[in-house]
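The values are calculated or read from the model by the stated rules, or taken from the named source; none is laboratory data. The model shown is predicted, which means the values in this text are computed figures rather than measured ones. Note that each Cβ is placed from the backbone with ideal geometry, even for glycine, and that neighbours are counted across all protein chains shown.
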């Protein structure tokens with residue numbers, strides 16, 4: 001299940017918003033909040049407010065709709081900044097001319113999801129296979145080194 005929050009017509013270019021959104025993608029909600037609190041970008045407080053709104057949407061569904069969602073296991077599944085409308089503006093230029101420029105806007109969307117519950121059997125299987133692979137690589141590396149001498 002995904003829980004969304006969306007902010008439209010934010011006065012920041014989507015490229016600048018994506019810089020901050022890339023910092024929080026895939027992170028747990030608590031960790032993402034801490035990252036946004038200490039990020040020195042102008043859009044970070046707006047994104048933090050949006051993330052808080054998504055968490056409140058989860059809390060609302062827990063209390064009012066009776067869904068059973070553990071807020072501690074939520075993570076940022078998707079964080080997207082799309083183009084909004086552009087405002088065309090004119091800047092005075094030399095000799096009576098005018099230069100056009102555009103003020104960009106962004107539509108920002110954050111989606112939260114609940115991490116799958118990991119059982120002890122799954123956890124043991126995940127940790128066993130990489131270690132076994134490393135041991136075989138080390139053994140084969142030693143044999144290869146012996147052959148070269």
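Scanning for something within 12 Å of the chain's Cα centre (by Cα) and crowded, with 17+ Cβ neighbours inside 10 Å, does the stretch 53-73 turn up at least one residue? No.
The requirement of being in contact (Cβ under 8 Å) with a residue 60 or more places away in the chain and either in the same structural domain as residue 107 (by TED's automatic domain parsing) or within 12 Å of the chain's Cα centre (by Cα) (or both) is not satisfied by residue 30.
Being in contact (Cβ under 8 Å) with a residue 12 or more places away in the chain and outside any helix (DSSP H, G or I) is the requirement here; does residue 5 meet it? Taking the combined requirement at face value, the residue satisfies it.
Of the strands (runs of 3 or more DSSP E) lying entirely inside the stretch 13-132, those containing at least 1 residues that are modelled with pLDDT of 90 or more and touching a helix residue (DSSP H, G or I) at 6+ places or on another chain (Cβ under 9 Å) span 74-83, 106-114.
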